[in-house]
Amino acid sequence: MSDSILSQDEIDNLLNGGPGGEEKNSAETALSSAEDNIKPYDPNTQRRVIRERLYSLEIINERFARQFRIGLFNILRRSPDVTAGNIKIQPYHEFARNLPVMTSLNLINMHPLRGTALFVFSPNLVFTAVDNLFGGDGRFPTKADGREFTPTEQRIIQRMLAMAREAYDYAWTSIYKIKTEFVRSELQVKFTNITSSPNDIVVTTPFQVDIGSHSGELQICIPFSIIEPVRELLTNPPLENSQHENNQWRSALASQMRDTEMELVVKFAEISTRLSRIMSLKPDDIIPLEKPEEIGGYVNDVPVMSGKYGCANNQYAIQVENLMNSTLLALKKE
């Protein structure tokens, strides 16, 4: 009878499904949790990874911020503060999802690059600019209640857009010359169609504009397909342009140095004597000199040439045979 009684270990094994039940259950639990963490892959929504940092585009944005601030000052007659934000590389649908309601979307072509970019003015920036332009001080802020922009507001937008385009063209000058062209304006992002797919990658830069106690935002959105032909220029610092400027500076300096007047001294002869002998000299005394076979020319005691002694047109002269400076020799060849 005692042989038919099961031990506690045998009862636990039976409850857990036999020997190794605990290990089996833990393995099944780990497998199910791993399957929960697996995300389905959709080729239509894959994101393109861009690892390079766009150094030159950061320089362009800083230059644009300075020029845009000057342009706003000329329009509003108030000193604004324009700050360039960090460059974001993201799918277009993420950029469009974060846009506020009633936003001024302006489509811009960037010749000779192919494609259409967006200059986006936030409603706060438009209302603040209109209020300051007509003498307001921001005490009565305008709310964006979903209405369309009035003709007056649209005219102010066009003035700011023309000034922003001019500033953006200037900012690109040292990197790659472009010419922006206005296409049309929209209020709803679904009518922009600057990319062939919502998942296409765009490069966006926000610019924070502070006017007094109020602020707004200008965003520039460029599809990556537009700037891809000049990708190398944007990822590398503009060293070639600085080198070109250095070459121009050197050429201008060299041409001006050629017109500089300097005193050339030629030592025809040289003797060693004492001061007492010089003091004993009298008129009509003769100092014997030996005619050297080769004489040198000096500028500020620096030897620059050598040659032979002679005369030309009843004047003492030197026939130049050698230049002792490699730079002067290069100039002679030119």
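Rg/Rh for region 138-232 (Cα atoms only, Rh after Kirkwood) is 0.99.
Across the protein chains, with a 1.4 Å probe defining accessible surface, the residues 221, 311 rank 311, 221 from largest area downward.
Annotation: amide H-H contacts under 5 Å for residue 85 (H modelled 1.01 Å from N, sequence separation of 5 or more, or interchain): 207, 208. Ordered from largest to smallest accessible area (heavy atoms of protein chains, 1.4 Å probe), the residues 249, 172 come out as 249, 172.
For residue 166 and residue 261, the FRET efficiency from 1/(1 + (r/R0)^6), where r spans their Cβ atoms and R0 equals 41 Å, is about 0.35. Computed on protein heavy atoms with a 1.4 Å probe, the accessible areas place 259, 285 in the order 259, 285, largest first. Evaluated with a Cβ-only charge set (Lys, Arg +1; Asp, Glu -1), region 152-289 carries a dipole of roughly 180 debye about its Cα centre, given to the nearest 20. The calculated FRET efficiency for residue 183 paired with residue 250, based on their beta-carbon distance and R0 = 45 Å, is about 0.55.
For residue 202, the amide hydrogen comes within under 5 Å of the amide hydrogens of 90, 92, 224, counting only partners 5 or more places away or on other chains and with H modelled in the peptide plane. Phi angles across region 206-213 convert, under the Karplus curve 6.51 cos²θ - 1.76 cosθ + 1.60 with θ = phi - 60°, into 3J(HN,Hα) values of x, 10, 7, 10, 10, 10, x, 8 Hz, Gly and Pro given as x.
Each label was represented as a point 7 Å from its Cα along the Cα-to-Cβ direction; for residue 271 and residue 191 these points are 10.3 nm apart.
When a/c reaches 1.5 or more, the comparison of a/b and b/c decides; with that in mind, is region 149-193 rounded, prolate or oblate per its Cα gyration tensor? Here region 149-193 falls in the oblate category. Descending by average beta-carbon neighbour count within 10 Å, the peptides 60-68, 81-89, 270-278 line up as 60-68, 81-89, 270-278, the highest first. Any idea of residue 302's accessible area? Nearest 10 Å², probe 1.4 Å. Accessible surface of residue 302 is approximately 80 Å².
Here the calculated FRET efficiency for residue 134 and residue 101, from their Cβ-Cβ distance with R0 = 30 Å, stands at 0.80, rounded to the nearest 0.05.
Quick one: net charge of residue 98's neighbours, Cβ under 14 Å, K/R +1, D/E -1? If you can, show how the numbers build up before the last one.
On the way: positive: 88, 97; negative: 94, 217.
For residues surrounding residue 98, the net value is 0.
The values are calculated or read from the model by the stated rules, or taken from the named source; none is laboratory data. Please read all numbers here as calculations on a predicted model, not as lab measurements. Glycine gets a Cβ as well: all are built from the backbone with ideal geometry, and neighbour counts include every protein chain shown. Only protein heavy atoms, including side chains, enter the accessible area calculation; ligands, DNA and RNA are left aside. Shrake-Rupley method; radii C 1.70, N 1.55, O 1.52, S 1.80 Å.
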